[in-house]
Amino acid sequence: MKNFADLTEREVLAVAISSEEEDSRIYMSFAEDLADRYPDSAKVFEEMAEEERGHRHRLLELYEERFGKHLPPIRRDNVKGFLRRRPVWLTRNLSLDIIRKEAETMEFEAERFYIKAAEQSQDVDVRRLLGDLADAEKGHESLAAKLTDQILSPDVRAEEDKTRRRVFVLQYVQPGLAGLMDGSVSTLAPLFAAAFATHQNWPTFLVGLAASIGAGISMGFAEALSDDGSLTGRGSPWLRGVTCGLMTALGGVGHTLPYLVPDSWANAFWIATAIACVVVFFELWAIAFIRARYMDTPFLQAAFQIVLGGGIVLAVGILIGGA
């Protein structure tokens, strides 16, 4: 790799040309990724891509005037200390905020490159063009803001906010809620069956921990393998699987932890069971709140369904354990 300071003016222009071409393609990738979800924001990145193509055309004209039509095979990846960018554009269904932040970083780095290149250049015309491009890149942030204000009207912003909320629910809330419900409810029966069968805290804790971890692994794989997200827009299957699995395990561990109360304490079993019942109460109401908040389920209806279901499972566990 070459040091930036060792680049000739011909190489600097060649790197700039290839960089503008690549940046234009990146912005078009962003636009294509956003087209279905945020069509109006996609137009902003199409405009940005067009700006980059204009910069490349100006650079190419000057290069051909100075050095002919042949471009040396050098790119920014061949230069030490030059722009290093994460290939986030290879990932589909990125959030709008991540894409916008990536674009801001790209423009800042491009501006820095043109400033350094202009300072190093000895050719007056090359220096002038590089300086102009540095100013253009510096103004791209305000251009993006201007384009956003022009294209994204309040109604469009409201619609995109609604879409962003829908995506958040599909990718995070829905699998997390499914896991929390399964972990909080399905582990009640084995936990309280073990508790009332043994009246000992440590064996009960082990049963609850095993049930919680087992349910988390099962639910995680079930969620990850059920839908790859390509048609539903639910995002990475493994991200959803991890979210669902962790929330499942968390839902079961919550009312298992009270059984860490040492058996040597007086009335240890009843103390742990009382705490566990309180935890279960708050878990079920938390699930009802999340359903009402994100799944458009009336709170009283959600509370009735969850509390009733959890109460039945809890009663089944106690009856089996006490038999």
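Derivation of every value follows stated rules applied to the coordinates shown; laboratory data play no part. None of these values were measured; they are calculated from a predicted model. Note: ideal-geometry Cβ built from the backbone for every residue, glycine included; neighbour counts use all protein chains shown.
Quick check: residue separation of residue 316 and residue 200 times 0.36 nm, minus the Cα distance between them. What number comes out in nm?
Details: separation 116, 0.36 × 116 = 41.76 nm, distance 1.89 nm.
Stretched out fully, the residue 316 to residue 200 stretch lengthens by 39.9 nm.
Can you work out the FRET efficiency for the pair residue 123 and residue 36, with r the C-beta to C-beta distance and R0 = 56 Å, to the nearest 0.05?
0.75
Quick one: 3J(HN,Hα) in Hz for region 12-21, Karplus 6.51/-1.76/1.60 with θ = phi - 60°, rounded, Gly and Pro as x.
Calculated HN-Hα couplings, in order: 4, 5, 5, 5, 5, 5, 5, 5, 5, 5 Hz.
How many nm separate the modelled label positions at residue 105 and residue 285, each set 7 Å beyond the Cα in the direction of the Cβ?
4.3
Suppose the chain between residue 292 and residue 77 were pulled fully straight at 0.36 nm per residue; how much longer would it get relative to their current alpha carbon spacing? Working shown, then result.
Details: separation 215, 0.36 × 215 = 77.40 nm, distance 5.03 nm.
Residue separation times 0.36 nm, minus the Cα-Cα distance, leaves 72.4 nm.
Tabulate in residue order the Karplus-calculated ³J(HN,Hα) for region 175-188, using 6.51 cos²θ - 1.76 cosθ + 1.60 with θ = phi - 60°, rounded to whole Hz; enter x for Gly and Pro.
x, x, 5, 4, x, 5, 5, 5, x, 6, 9, 5, 7, 4
Could you tell me the extents of region 1-130's C-alpha atoms along the three principal axes, largest first, rounded to whole Å?
The principal-axis extents, from largest down, are 46, 26, 23 Å.
Do any trypsin sites (Lys or Arg not before Pro) in region 40-69 lie in a DSSP loop with no more than 15 other beta carbon atoms within 10 Å, and if so, which?
Sparse-neighbourhood loop trypsin sites (Lys or Arg not before Pro): 69.
Which far-off residues, 5 or more places away or on another chain, put their amide H under 5 Å from the one on residue 236, with H placed in the peptide plane?
Answer set, sorted by chain and number: none.
Let's test this: bin the Cα-Cα distances of region 90-132 at 5 Å from zero up to the farthest pair and state each bin's percent.
Whole-percent P(r) values from 0 Å outward: 5, 22, 20, 13, 12, 9, 10, 7, 3.
What does the extension gain come out to for residue 308 and residue 168, with contour length at 0.36 nm per residue minus their alpha carbon separation? Let's see the in-between values first.
Values: separation 140, 0.36 × 140 = 50.40 nm, distance 2.82 nm.
Length gained between residue 308 and residue 168: 47.6 nm.
Report the label-to-label distance for residue 93 and residue 226 in nanometres (one decimal), using points 7 Å from each Cα along the Cα→Cβ vector.
Taking the simple label geometry, residue 93 and residue 226 are separated by 1.4 nm.
In whole Hz, with x marking every Gly and Pro, tabulate ³J(HN,Hα) for region 281-289 from phi via Karplus 6.51 cos²θ - 1.76 cosθ + 1.60, θ = phi - 60°.
My calculation for region 281-289 gives 4, 5, 4, 5, 5, 5, 4, 4, 5 Hz in order.
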